[in-house]
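Step one of this worksheet: look at the structure below.
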Amino acid sequence: MSPILQGLITIIVGVGGCVGYFFASNWVLDKVIFPARNDDNGRNINRATMVRPWLFLFPAMFALGLYLVYPVVGSFWRSLYNRSGEEFIGLGNYVTMFGEEGFRTAVFNNILWAIFVPAAATFLGLLVAQLTDKLKWGNIAKSLIFMPMAISFVGASLIWKFVYANDPDIGIINAVRDFFGADAIDPLQIPFWNNFFLMVILVWIQTGFAMVILSAALRGIPEETIEAAIIDGANPFQIFFKIKVPQIMGTIVVVWTTITILVLKVFDIVYAMTGGNFDTEILPSYMMDYMFRDDGRATAVAFVIMIIVLPVMIWNIRQARKEMS
Amino acid sequence: MENMAGQKTSLSIVTNISVVALVLIWLIPTIGLLVSSFRDREQISETGWWASMFPVEVAYRVSPEPEGVTQDGDLYMFSGNLFSASDEVSGSGDVSGFGITGRAPGAGTPGQTYGRLKLIVTEPDGGTDEENFETAWPADGQPELPETDEEGRPVQDFYIDRAVTVAANGDFTWMQDGEIGRAPTVYIVAAAPPDFGLDNYEQILTSDNMDRAFINTLTVTIPATIIPILIAAFAAYALAWMDFRGRGFLIAMVVGLLVVPLQLALVPLLQLHNKIGIGQSFLGIWLAHTGFGLPLAIYLLRNYMVGLPRDIIESAKVDGATDFQVFTKIVLPLSFPALASFAIFQFLWTWNDLLVAKVFLPSNSESWVMTVKIADDLLGSRGGDWGILAAAAFISIAVPLIVFFAMQKYLVRGLLAGSVK
């Protein structure tokens, strides 16, 4: 069956199934199980009201449970078994992994990514948000800087392959070097620094995200505080760093963590640009090296990523609870 | 306000310049890709895309038919014009170099003769030997001979094996030792005008299966965008407007699940899919994307629905509407902006995804989506074919870019609902 036809059928069956489920289950609840008639009228309505939320929630909870909660347990469990999944080896996968240089390189690089990318993207985002704030063509500038958000990491990698190409007739970097008479280099093969060339791609993508959110936060600052500062003779830099930034600190933290989480998931850029060669491996790409070959190892790496994310998760939940109460 | 501070002009010039610089830095990579995707492949390797508006020096291979051959001793020769001898030479009629081998297509400059000589050298034992020697010399002069060859044997004499004189306008004279059987090959370097076209797109779409990948991407994306919205909308309504035990816990769970790394799900779920018979298939990837997209969907939609005016919903309930009716008749239509913003997110995310597609779709080329096609196939097999790569990348980012620019308003709204409250 052609995928298009299959896709159409899925849309119809999937969407129809969902709509059908919600309609039918509510109908059954209201008309069959707890009909709003007879003497039990009031009691039945109350009962239906108690059950209904779960009808609404069931498909979502089921999918979330299966695709996000179960895997946490399932992955950990699988990581305790060997390559083929037949022999229980306890923490064996973790022990061999920590002893391996490739893993240590990946961890080290991942730390670099987790520091550099959120810092650079947040800083640049804040800078653009502030600079474009009062600009007539600010919205156009923002759109253009925001644009890479729409591009896939693979697409972005390809775009930057052109920038980094070692042929001075294709790569801009080498064209500039050539102009000044320097020899062509392959930026992606310079150990250590190549990591930063890869990070630039993610910064390029994420700055727009930081900018949009920080720009909204800047707009939310009460005018009076700024006017007061101007009357007191503060210069624009003082206004920015001493008045504005402290007031949007909460948003800066949110942006920073959101990008940090993204960094911990991204593998596409490394995969497409260097394939993890030349010491550019990070944890997610390191995991993909073992995917389909050694599920024990792959799940062990995934679980390490999970443990790193855990504090952010707890912090997120705490924030949400605080807001709700 | 800046007026009040009295420093508007100087600061605003600096601001404008910095923003222009930043925008340029942000745009240049993409523009480079776009320009390259339309350029002729030979031109890409000759000059950078930033010079694509200028003519490019390109080497052409011309084989003029020998007509009107005259003879001078052993030397046979004929003349003509190289530009009229070939259709392929699109040059401006201005030769900047020429040669007789593909290795050195521009070895001679116009007005010179370039050719291969046979040097007659004296061997140490007194005998003679012949040796090839390529050189250029003025058309009306004589070639300069080296005194000895590379082995130190003295050069006595020479004769022309084959040589060609080319003028800047393409007029040439070919001379050759012995009769001219087949058409000789002459190389010229001429400035070719900028060459833009859809050749790269045509090639990638017709012969490289990119069209298939495009359709596969659409097939993955559309169901994986619609289904989670539907499921999430009901759940979000329940979490926003229905009272039941455990609501707070469920909301916290959704928030927590927002950050769960996808990587965890890959191995256990692929095993599960295999066990229940879905395996690696489109059905599998739809389910996976639905599951992975739900936390953000529920979170965004709930945040939005909580903000809807309480009295509308309560008065509807007082009038006897059930939650189901309130949801479908009131909340769902009012939530359109939030639904749209999540739809854009989920569309972009599934369209741009590489990881889930690599794991949950079959690894044969029939099922490749575009990201997989580019990352696993084109970057390897067409690593140096920049025109093709650029066209492929542009095909894969065109749809998201259109969606982005058309629906930017909703995208921004969704981001703001998701991150700042």
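Observations on the structure shown:
- Qualifying positions in region B:231-257 - farther than 18 Å from residue A:325 by Cβ, buried (at least 20 other Cβ atoms within 10 Å of the Cβ) and at the interface with another protein chain (Cβ under 8 Å from one of its Cβ atoms): B:231, B:232, B:234, B:235, B:237, B:238, B:257
- Within region B:388-410, if we keep just the residues that are in contact (Cβ under 8 Å) with a residue 24 or more places away in the chain and open to solvent by 10 Å² or more (accessible area, probe 1.4 Å), the residue that is nearest to residue B:37 (Cα to Cα) turns out to be B:394.
- All of A:317, A:307 fail the test of being open to solvent by 10 Å² or more (accessible area, probe 1.4 Å), of a type in the set (A, V, I, L, M, F, W, C), without any contact (Cβ under 8 Å) to a residue 24 or more places away in the chain and closer than 26 Å to residue A:85 by Cα, apart from A:307.
- Qualifying residue in region B:331-345 (condition: more than 20 Å from the chain's Cα centre (by Cα) and outside any helix (DSSP H, G or I)): yes
- Residue within region B:196-206 that is under 30 Å from residue B:382 (Cβ atoms) and either within 11 Å of chain A (Cβ to nearest Cβ) or open to solvent by less than 10 Å² (accessible area, probe 1.4 Å) (or both) present: yes
- Residue-level check: of (1) within 11 Å of chain B (Cβ to nearest Cβ); (2) polar (S, T, N, Q); (3) surrounded by fewer than 20 Cβ atoms within 10 Å (Cβ to Cβ), residue A:174 misses just (3).
- The residues of region A:178-226 that are acidic (Asp, Glu) and within 11 Å of chain B (Cβ to nearest Cβ), listed by number, are A:178, A:223.
- Residue A:84 in a helix (DSSP H, G or I) and either within 9 Å of another protein chain (Cβ to nearest Cβ) or among the hydroxyl-bearing types (Ser, Thr, Tyr) (or both): no
- Against the test of being more than 10 Å from chain A (Cβ to nearest Cβ), over 28 Å from residue B:403 (Cα atoms) and small (Gly, Ala, Ser), the options B:343, B:338, B:321 yield a single qualifying residue, B:321.
- Members of region B:280-298 that are open to solvent by less than 10 Å² (accessible area, probe 1.4 Å), among the small types (Gly, Ala, Ser) and more than 8 Å from chain A (Cβ to nearest Cβ): B:284, B:293, B:297
- Restricting attention to region A:158-171 and to residues that are in a helix (DSSP H, G or I) and within 8 Å of chain B (Cβ to nearest Cβ), the residue that is nearest to residue B:377 (Cα to Cα) turns out to be A:158.
- Answer residue from region A:134-147, given it is touching a residue at least 24 places away in the same chain (Cβ under 8 Å) and at the interface with another protein chain (Cβ under 7 Å from one of its Cβ atoms) and is farthest from residue A:214 (Cα to Cα) among those: A:147
- Region A:261-284 residues that are within 12 Å of another protein chain (Cβ to nearest Cβ), paired with ones that are among the hydroxyl-bearing types (Ser, Thr, Tyr) (beta carbon under 6 Å, 6 or more apart): A:267/A:285; A:269/A:157; A:270/A:280; A:270/A:285; A:271/A:285; A:272/A:157; A:273/A:157; A:274/A:280
- Answer residue from region B:267-279, given it is outside any loop (DSSP other than H, G, I, E, B) and more than 24 Å from residue B:230 (Cα to Cα) and is nearest to the other protein chains (Cβ to nearest Cβ) among those: B:268
- Residue within region B:8-27 that is at pLDDT below 90, among the charged types (D, E, K, R) and more than 25 Å from the chain's Cα centre (by Cα) present: yes
- Tally, over region B:273-283, of residues that are at pLDDT 90 or above and either touching a Phe, Trp or Tyr at 6+ places or on another chain (Cβ under 8 Å) or closer than 16 Å to residue B:363 by Cβ (or both): 2
- Residue B:169 vs. criteria surrounded by 12 or more Cβ atoms within 10 Å (Cβ to Cβ), modelled with pLDDT under 85 and of a type in the set (S, T, N, Q): yes
- Which listed residue, of B:130, B:150, B:134, is under 17 Å from residue B:185 (Cα atoms) and open to solvent by 50 Å² or more (accessible area, probe 1.4 Å): B:134
- Selection status of residue A:55, of a type in the set (A, V, I, L, M), closer than 27 Å to residue B:318 by Cβ and either part of a helix (DSSP H, G or I) or open to solvent by 50 Å² or more (accessible area, probe 1.4 Å) (or both): yes
- Within region B:305-330, the set of residues being touching a Phe, Trp or Tyr at 6+ places or on another chain (Cβ under 9 Å) and either over 23 Å from residue A:323 (Cα atoms) or among the aromatic types (Phe, Trp, Tyr) (or both) comprises B:323, B:324, B:326, B:327, B:328.
- Matching residues in region B:50-71 - criterion: being open to solvent by 50 Å² or more (accessible area, probe 1.4 Å), more than 14 Å from chain A (Cβ to nearest Cβ) and in a loop (DSSP other than H, G, I, E, B): B:53, B:55, B:63, B:65, B:67, B:68, B:69
- The residues of region A:61-92 that are in contact with a strand residue (DSSP E or B) (Cβ under 8 Å, 6 or more places away or on another chain) and open to solvent by less than 30 Å² (accessible area, probe 1.4 Å) amount to a single one, A:80.
- All of B:102, B:108, B:97 fail the test of being in contact (Cβ under 8 Å) with a residue 12 or more places away in the chain and more than 30 Å from residue B:385 (Cβ to Cβ), apart from B:108.
- Any hit, region A:132-144, residues being over 21 Å from the mean Cα position of the chain (by Cα) and of a type in the set (Ser, Thr, Tyr): yes
- Residue match in region B:41-49 (condition: among the basic types (Lys, Arg), at pLDDT below 85, at negative phi and touching a Gly at 6+ places or on another chain (Cβ under 9 Å)): yes
- Scanning region B:286-341 for residues that are aliphatic (A, V, I, L, M), under 27 Å from residue B:219 (Cα atoms) and touching a residue at least 24 places away in the same chain (Cβ under 8 Å) yields a count of 11.
- Residue tally, condition closer than 20 Å to residue B:361 by Cβ, among the acidic types (Asp, Glu) and either within 9 Å of chain B (Cβ to nearest Cβ) or open to solvent by less than 20 Å² (accessible area, probe 1.4 Å) (or both), over region A:285-304: 1
- When the test is whether a residue is more than 30 Å from residue A:90 (Cα to Cα), open to solvent by 40 Å² or more (accessible area, probe 1.4 Å) and in a helix (DSSP H, G or I), residue A:258 passes it.
The values are calculated or read from the model by the stated rules, or taken from the named source; none is laboratory data. These numbers were taken from a predicted model, which means no experiment stands behind them. Virtual Cβ from ideal backbone geometry, glycine too; neighbours counted across all protein chains shown. Keep in mind that these areas ignore ligands, DNA and RNA; they rest on the heavy atoms of the full protein, side chains included. Shrake-Rupley method; radii C 1.70, N 1.55, O 1.52, S 1.80 Å.
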